[in-house]
1. Rounded to the nearest whole Å³, what is the per residue volume of the convex hull around the Cα atoms of the range 149-210?
2. Cβ under 11 Å from residue 38's Cβ, residue 38 left aside: what net charge do those residues give with Lys, Arg +1 and Asp, Glu -1?
3. For residue 188, which lysines qualify as cross-link partners when the Cα separation must be under 18 Å and same-chain residues fewer than eight apart are set aside?
4. When Lys and Arg each count +1 and Asp and Glu each count -1, what net charge do the other residues less than 15 Å away from residue 74, Cβ to Cβ, add up to?
5. Please find, in a Gaussian network model of the chain (springs between Cα atoms separated by less than 10 Å), the residue of 106, 82, 172 whose mean-square fluctuation is greatest.
6. Please arrange 187, 89 by counting, for each residue, the other beta carbons lying within 10 Å of its beta carbon, fewest first.
7. Return the lysines within reach of residue 208: Cα separation strictly under 18 angstrom, same-chain partners fewer than 8 residues apart disregarded; answer none if there are no such residues.
8. Spelling out what I want: for every residue of the range 183-191, take phi, set θ = phi - 60°, compute 6.51 cos²θ - 1.76 cosθ + 1.60 (Karplus), and round to whole Hz; glycine and proline get x.
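Each value in this text was obtained by applying a stated rule to the coordinates, not by laboratory testing. Bear in mind the structure is a predicted one, so any value in this text is a computation, not a measurement. Methodologically, a virtual Cβ is constructed for each residue, glycine included, from the backbone with ideal geometry; neighbour enumeration extends over all protein chains shown.
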Amino acid sequence: MKKIVYILMMSLLAFTMTAQKESAYVRSGNKLYKSGKFTDAENAYRKGLALNSKSFEATYNLGNALFRQKKYPEALEQYNNALALKPTEKMRIAAGFHNTGNALLADNKIEESIKAYEMALKNNPKDNDTRYNLAFAQMKLKNQKDQDKKDNKNNKDNEENKIKKRAEELVAERKYEEAYNLMKEGEKTDKSLLQYSDFTNRILDIIKLKQ
């Protein structure tokens, strides 16, 4: 887990600019960003966007500054905004999707992050950071699904044990018909209770003897 966090934090590529009117704010934001002053960098990038709302660099780098502040939904919004500007360079497209994947993964939206990483690799197949993050996200998704299955099984086992235990209590109270009905009703929705068919049949035998 520590390794992926390191990659997520260190592979946020900042883009620089030349000639455009907002470039001074972007360059200032990049310096602040490199200094670890992410809030100040955010403000600088926003000033750049105020001059040119269609600036890929200001939009994308603003996402990075927000990501560093752990404002993942806000960072994701900026990465989406950057990609919506339809950059033509594959490096920019790949970086946009890579960081989109980072923001989604950091926000525990694992399946969506996998799709973003796949798009990043489609545009830059040689990016090892993206390849690693994709593998990590896929592993995390598998672990999550395995845990969900385990939790569902435990919940089912707990419910099964609860029914069996209650039936045993009813038998101890000599409420045989209630115990038998409880087990039979339980079997309709939980077939695993069929493993206690001997117990259920013994209750039925007692009921027949008492008739």
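1. Details: hull volume 3.9 nm³, N = 62.
So the per-residue Cα hull volume is 64 Å³.
2. Values: positive: 34, 37, 68, 70, 71; negative: 40, 42.
That sum, taken over residues with Cβ under 11 Å, equals +3.
3. Those lysines meeting the cut-off are 153, 156, 162, 164, 165.
4. Value of the local net charge: +2.
5. Result: 172 has the largest fluctuation of those listed.
6. Working: 187 16, 89 11.
By the 10 Å Cβ count, ascending: 89, 187.
7. Of all the lysines, those that pass the test against residue 208 - Cα under 18 Å, at least 8 places apart if same chain - are 175, 184.
8. 5, 5, 5, x, 4, 5, 9, 9, 5
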